[in-house]
Amino acid sequence: MGRVKLPAVYGVLTLVTGLLAGVEGLAFLSLGLSIFVPVLCCAVTERNGFLVSLAVSALAVVVTGVASEWKLAFDISSLPIVGYLICYLKRRSVEEILIASSAFLFAFAVLEELFLGTPEVNNLKWFVDVRWGFYLTSSLFFTYLTLIAATWVLKRDFAVERVRWGFFPVPFFLLGGFGTVLLKTGIVKLIAENLLVAAMGFLLVQGLSVLLFYYRKVSLTWKFILLFTLIVIPAAIFLGAIVTGLLDVWFDFRKIGKGGMKNEGNLT
């Protein structure tokens, strides 16, 4: 019975995630649930085998398409693949897992646009210009949240508080920033804007990693204050995380916090 329960929970979660995505007003709930779909996919794969997880994933995707929209089914079909990547890359560094999973999600978003057209976002026409950078940033952010959930559900240390990219996001951040400010129009400006957004995604994840490192150390009062700030003014947390990620390239705040412990997950 236990071997059936986990795949059943995974299948229902995947199906509910897909169906809620098509209900106006519940898309954010679907997005929140979607973080756990790759995690449970990995759990089912490890406990019940790849074929069982593949069969449950395919069934949930097909039922979503029949019951709602095939576009939604196509969207959630990417989630199990992220789970497989996390599952089979679990012994690699956290940076490698993030890059591999984010590269897949970015390619999936590009493929979806090629087949289904450019997304239309009401009152956000600027989004079309920076969507490529946003695809990568959102992929990094989603994968990072998924790894946090995987750490909790799978009881495995994915080193989510030790993400460090080294220096490589900084040149793209500077080039994108200067290009966005100095250039007026044209394809070069569009490239600069997308570079800036993509670089901010890397810095965001690194900054969130630093904040998570210290979040686990602070008192319960500070934990409540940080959670309250995240709920009330999330933009402040995100902006603070980006600035922290940029400064962490030089200062390595976790090394300071641990009294000299070196970060083994650094790619530099």
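Quick look at the values:
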read-out	value
Residue that is modelled with the highest pLDDT [pool: residues in region 79-88 that are more than 14 Å from ALA58 (Cα to Cα) and open to solvent by 40 Å² or more (accessible area, probe 1.4 Å)]	LEU85
Residue in region 245-255 that is at pLDDT 90 or above, closer than 21 Å to ILE148 by Cβ, in a helix (DSSP H, G or I) and open to solvent by 40 Å² or more (accessible area, probe 1.4 Å) present	no
Members of region 36-54 that are open to solvent by less than 60 Å² (accessible area, probe 1.4 Å) and at negative phi	VAL37, PRO38, VAL39, LEU40, CYS41, CYS42, ALA43, VAL44, THR45, ASN48, VAL52, SER53
Which listed residue, of PHE28, PHE36, is modelled with pLDDT of 95 or more and either touching a Pro at 6+ places or on another chain (Cβ under 6 Å) or under 24 Å from THR137 (Cα atoms) (or both)	PHE36
Residues within region 152-192 that are in a helix (DSSP H, G or I) and not basic (Lys, Arg), tallied	21
Residues satisfying the stated conditions in region 55-78, i.e. touching a residue at least 40 places away in the same chain (Cβ under 8 Å), closer than 17 Å to LEU116 by Cα, open to solvent by 70 Å² or more (accessible area, probe 1.4 Å) and in a helix (DSSP H, G or I)	LYS71
Condition met for ALA100 (among the aliphatic types (A, V, I, L, M), open to solvent by less than 60 Å² (accessible area, probe 1.4 Å) and at pLDDT below 95)	no
Residue check, ALA100 of a type in the set (A, V, I, L, M), over 27 Å from PHE202 (Cα atoms) and under 22 Å from the mean Cα position of the chain (by Cα)	no
Of all residues in region 172-231 being hydroxyl-bearing (Ser, Thr, Tyr) and open to solvent by less than 50 Å² (accessible area, probe 1.4 Å), the one that is farthest from LYS255 (Cα to Cα)	THR180
Some residue of region 114-127 being open to solvent by 50 Å² or more (accessible area, probe 1.4 Å), out of contact with any Leu (no Cβ under 8 Å at 6 or more places or on another chain), under 29 Å from ALA8 (Cα atoms) and touching a residue at least 24 places away in the same chain (Cβ under 8 Å)	no
Positions within region 1-35 being open to solvent by less than 30 Å² (accessible area, probe 1.4 Å) and either of a type in the set (Ser, Thr, Tyr) or at positive phi (or both), in sequence order	TYR10, THR14, THR17, SER30, SER34
Region 13-43: number of residues that are in contact (Cβ under 8 Å) with a residue 24 or more places away in the chain and in a helix (DSSP H, G or I)	16
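The values are calculated or read from the model by the stated rules, or taken from the named source; none is laboratory data. For clarity, every value in this text was computed on a predicted model and none was experimentally measured. Using ideal geometry, Cβ is built from the backbone for each residue, glycine included, and neighbour counts are taken over all protein chains shown. We work out accessible area using only protein heavy atoms, side chains counted, and drop any ligands, DNA or RNA first. Shrake-Rupley method; radii C 1.70, N 1.55, O 1.52, S 1.80 Å.
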